[in-house]
There are 2 protein chains.
Amino acid sequence: MQTVSPRKTEGRVARRRARNHEALIASARAVMAEKGIDSATMAEIADRADVAAGTIYSFFRSKDDLAVAVLENLMLELAIRIETVTNTFDDPAQVYAYGIGSVVREATQDTHWRQLLYRSEVLANAMFKQMGPFAIRDLENATKAGRFKVADAALTFKMASYAIVGVALAVTEGEMPETVIDECVVNLLCMTGISREDALELAHRHRPPLAAV
Amino acid sequence: MQTVSPRKTEGRVARRRARNHEALIASARAVMAEKGIDSATMAEIADRADVAAGTIYSFFRSKDDLAVAVLENLMLELAIRIETVTNTFDDPAQVYAYGIGSVVREATQDTHWRQLLYRSEVLANAMFKQMGPFAIRDLENATKAGRFKVADAALTFKMASYAIVGVALAVTEGEMPETVIDECVVNLLCMTGISREDALELAHRHRPPLAAV
DNA sequence: TTCAAACTTGAATATCATTCGAAAATTGGG
DNA sequence: CCCAATTTTCGAATGATATTCAAGTTTGAA
């Protein structure tokens, strides 16, 4: 009878599938970071993940879908790294300030991002989706605490996501110097309804380093 | 002999070429607005402009190049429509406020933009390039007049360009209600270093209509 | 009329994303 | 251990289309 061996095999397929799924995201991330989303070919992604080209489509509806998965993966990873640090902060305004500062810095300075910036709406949407829950919570906390005056936290962070990507593109393209990063953070903080002085103060507080991946 | 008719033909080629150039931009704009930049085919664009497919490449290096030209065309047109109105304003802060407000409204409400929003970095870059000179001038004027406190006008407008496109996408996608438009303008004004109260006041001033195209 | 230069043409090419029928694995039951 | 049903993967074939390029046209001056 079936009971003979309760075979823990239940799930072997599922596990292999999950492995392939991860391998595909990792390989797509590598190829896309290296050549850019558009120039990355499904064939190379499949190769590096050691699956057939057609198999990708059993996981992702399309190449764009895959790109979205890759970027959401990247954004969630960063969101968690940030959360690990801000966990211990007392001032809710500082939590938000540290978060956006970290994202701006990461986006402009980590070379892995360079190629991904070109599909800015995909990147900004992934950022909004994955980091939004944290950022919106922080904006609302700081507003409740009387530190910020944000009427619509989702809107404010949506604007921040796109603005960050725009600035990161300009900086990595050499269109603007890296020195704009600080001013960018100040501007983003001003969007929370605080004065420019308060924004400057917040932006210049001690910044503990982000843990490596 | 040649002298017979000094033929004003001098330039017939040039004129035809210029006509073709305009026809191509117009046709590309129509097709791209209708189907989206990616789904627009070079063949259809060439057809509607009444030239052969290959001819496009004597004007534009690539399809992306053409898209950039189309969007810059659109942005310059809007910039001029805005300038026509703000010409008569006295308060330099209001000039900027009216400008960004008009762009946000146009981007979210004119259906011709819908399809173009998807290549947000192309659109935002075109916006920055064509409207930047006006916007940056306005930001600097308002700062000199003591109305704004903008440290880096180009940066502030770069951020605004991307933020506007992000919000426009969210609204046209139905992800956010149209009511966020006003708050979006307020947020953008806050980035200029003024208080939220001042931003609200500026955003709510009488808004003369933008001239039709 | 003639010619070279400048343009245009559109068929041919090259490159992928995506599809799909066949092959291979896996599973549960006998 | 074997089988048939089911699930998953494979990878060659397809289709769509951006881009190239050899050949043909047009132009303006001599």
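Between B:THR84, B:ALA168, B:GLN115, whose Cα lies farthest towards the positive end of the dipole of the protein assembly as shown when Lys and Arg beta carbons carry +1 and Asp and Glu beta carbons carry -1, centred on the Cα centre? The Cα lying farthest towards the positive end belongs to B:GLN115. Of the listed pairs A:LYS35/B:LYS35; A:LYS144/B:LYS144; B:LYS35/B:LYS63; B:LYS35/B:LYS158; A:LYS149/B:LYS149, which have alpha-carbon separations greater than 23 Å here? Listed pairs above 23 Å: A:LYS35/B:LYS35; A:LYS144/B:LYS144; B:LYS35/B:LYS158.
Taking the Cβ of A:PRO177 as the center, what net charge do the other residues with Cβ under 15 Å away carry, scoring Lys and Arg +1 and Asp and Glu -1?
Taking every Cβ under 15 Å from that of A:PRO177, the sum is -4.
For the range B:8-93, the list of trypsin sites (Lys or Arg not before Pro) that fall in a loop by DSSP and count at most 15 other C-beta atoms within 10 angstrom reads B:LYS8, B:ARG61. Modelled this way, with points 7 Å down the Cα-to-C-beta line, the labels at A:THR41 and A:ASP90 are 5.9 nm from one another. Its Cα gyration tensor gives the range B:12-108 an equivalent ellipsoid, and the semi-axes of that ellipsoid, as √(5λ) in whole Å with the largest first, are 33, 16, 9.
Taking the alpha-carbon centroid of each part, what is the distance from the range A:32-50 to the range A:185-210 in angstrom? Using only Cα atoms, the two centres lie 38 Å from each other.
Considering only GluC sites (Glu not before Pro) in DSSP loops that have at most 13 other Cβ atoms within 10 Å, the longest stretch of chain B without any of them is B:11-172.
Percent of alpha carbon pairs in chain A separated by more than 32 Å?
So the pairs more than 32 Å apart make up 28 percent of the total in chain A.
Using Cβ point charges alone (K and R +1, D and E -1), the dipole size of chain A about the Cα centre works out to roughly 1080 debye. Annotation for the range B:151-166 versus the range A:124-162: alpha-carbon center distance of 18 Å.
Under 17 Å from a label point set 7 Å out along the Cα-to-Cβ vector of A:LYS149, the amide N atoms of the range A:191-212 belong to A:191-200. Each label was represented as a point 7 Å from its Cα along the Cα-to-Cβ direction; for A:GLN109 and B:GLU178 these points are 4.4 nm apart.
Hydrophobic long helices, here whole DSSP H runs in chain B with Kyte-Doolittle means of at least -0.5 and Cα atoms spread over 18 Å or more along the helix axis, are found at B:63-86, B:92-109, B:120-144, B:153-172.
All Cα-Cα separations within the protein assembly as shown were binned at 10 Å from zero, giving a P(r) of 4, 20, 27, 23, 14, 7, 3, 1, 0, 0, 0, each value a whole percent of the pairs.
No lab work stands behind these numbers, since they all come straight from the coordinates. Worth saying up front: this structure is predicted, and the values here are computed from it rather than measured. Counting neighbours? That spans all protein chains shown, and the Cβs are built from the backbone with ideal geometry, glycine included.
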